[in-house]
Each structure stands twice: as C-alpha cells, then as structure tokens.
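Have a look at the structure below before the remarks.
The values are calculated or read from the model by the stated rules, or taken from the named source; none is laboratory data. These numbers were taken from a predicted model, which means no experiment stands behind them. No Cβ is skipped: glycine too gets one built from the backbone with ideal geometry, and neighbour counts run over all protein chains shown. Protein only, heavy atoms only, side chains kept; ligands, DNA and RNA dropped before computing areas. Shrake-Rupley method; radii C 1.70, N 1.55, O 1.52, S 1.80 Å.
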Amino acid sequence: MDMGTTTTAASTSMSMSMMSMTFFTSTSTPLYSEGWTPNSPGAYAGTCIFLVILAIIFRSLLAVKAWKERAWLDAEFNRRYVTVAGKLPKSERISQDSDSKRMVLSENGVEEDVMVVKKRGMGARPWRITTDPVRAVMDTVIVGVGYLLMLAIMTMNVGYFLSVLGGTFLGSLALGRYVTGEH
C-alpha cells in the first residue's frame, strides 16, 4: 500500500469527521465541487443568485408537470374508443351497471333522460408512448434539480440555505397555484 494514499485517505476521513453540523456564515463555501468555490463577495452573491434561480426552476418544473398531468388526463377522458366485436357498447354496459341510476336532467325547460354513474375510482391508465416517456424524463429532471438544491443546503451555509428558501418562496408565489397536491 502506498503511504501517500494512506495519508490522503486519513486526511479526507479526518476532515469529514471534523465537519461541523451547524449552520455557519462563510463567503467561500464550495458548491457542488472544489472548482465552484466563491473567492469574493461578488462571486458568493452570484452563487446565491444561482441557487435562487435554481429553486424557482424547481417550482416551475413542478407546475409544468401538474399542467401536463391535467392535459394528459383530459386527453384520456376525451379519447375515442373503438367498439370491439362481441362486447357490449359502453352505453349498454353503463345502463346495466348496478351503480347507475336513471334521472331526468332539466335545463331551460328542456328535459333529457340521463344515466348517472358513480365513479368507482380511477384505475391505472394504460401505458402510452406519447405520455409515459415524457413523464419519466420530467420526473428525472425534477428529482435531479431537487437533489442539487438539497446538496446546496447540506453545505450548512446560511446564505445558500436562505437562497434556496427565497427561490422556493418566489417560485411558489408565481406558480404555486398551478401545483395541486405535490411537494
């Protein structure tokens, strides 16, 4: 075993065990790699602005995903289905369903016979080449950006932490109404 390797491993192990688990203020905290170490207050401010923008992008990605999910669901409900030979049409299956009820719908004096069907719950939708790969890519990008934000917070630098919180606040303020029930 090489002595230089042992010394390097020991010093790395020593620096990791001596790492403080409390928040601190420093304008020279590395972000993601030693190559991204701010060396001036301006570089530190630029790094904090980057984190604010990254957090806004994260919230934007969540809003876009929610918007796409609603669009995909609407397309699913508007999809035309083909009648299969030997199988009853959907209208006949609904009329024979025990959960359906015949009712009269009235609007502006016009009455119409309708069938009211209780929704049993949405099962898994079928896999679609036009939807599922896009969903998988979006989820992967969202998780990647989320992990980058988490790593910035794990530096325990107060400025980085507040930058991520500020970006999350701004992103939610601008786009939070589009995200329902996620994160």
*Residue in segment 35-52 that is touching a strand residue (DSSP E or B) at 6+ places or on another chain (Cβ under 7 Å), farther than 11 Å from residue 155 by Cα and at pLDDT 90 or above present*: yes
_Residue among 175, 170 that alone is surrounded by 12 or more Cβ atoms within 10 Å (Cβ to Cβ), among the hydrophobic types (A, V, I, L, M, F, W, C) and at pLDDT 95 or above_ = 170
*Inspect all residues belonging to segment 147-156 and state whether any of them is touching a strand residue (DSSP E or B) at 6+ places or on another chain (Cβ under 8 Å), modelled with pLDDT of 75 or more and aromatic (Phe, Trp, Tyr).*
no
*Can you name the residue in segment 122-139 that is in contact with a helix residue (DSSP H, G or I) (Cβ under 7 Å, 6 or more places away or on another chain) and open to solvent by less than 50 Å² (accessible area, probe 1.4 Å) and is also modelled with the highest pLDDT among such residues?*
138
_So for segment 55-75 (the condition being outside any helix (DSSP H, G or I), at pLDDT 65 or above, β-branched (Val, Ile, Thr) and closer than 23 Å to residue 154 by Cβ), does at least one residue qualify?_
no
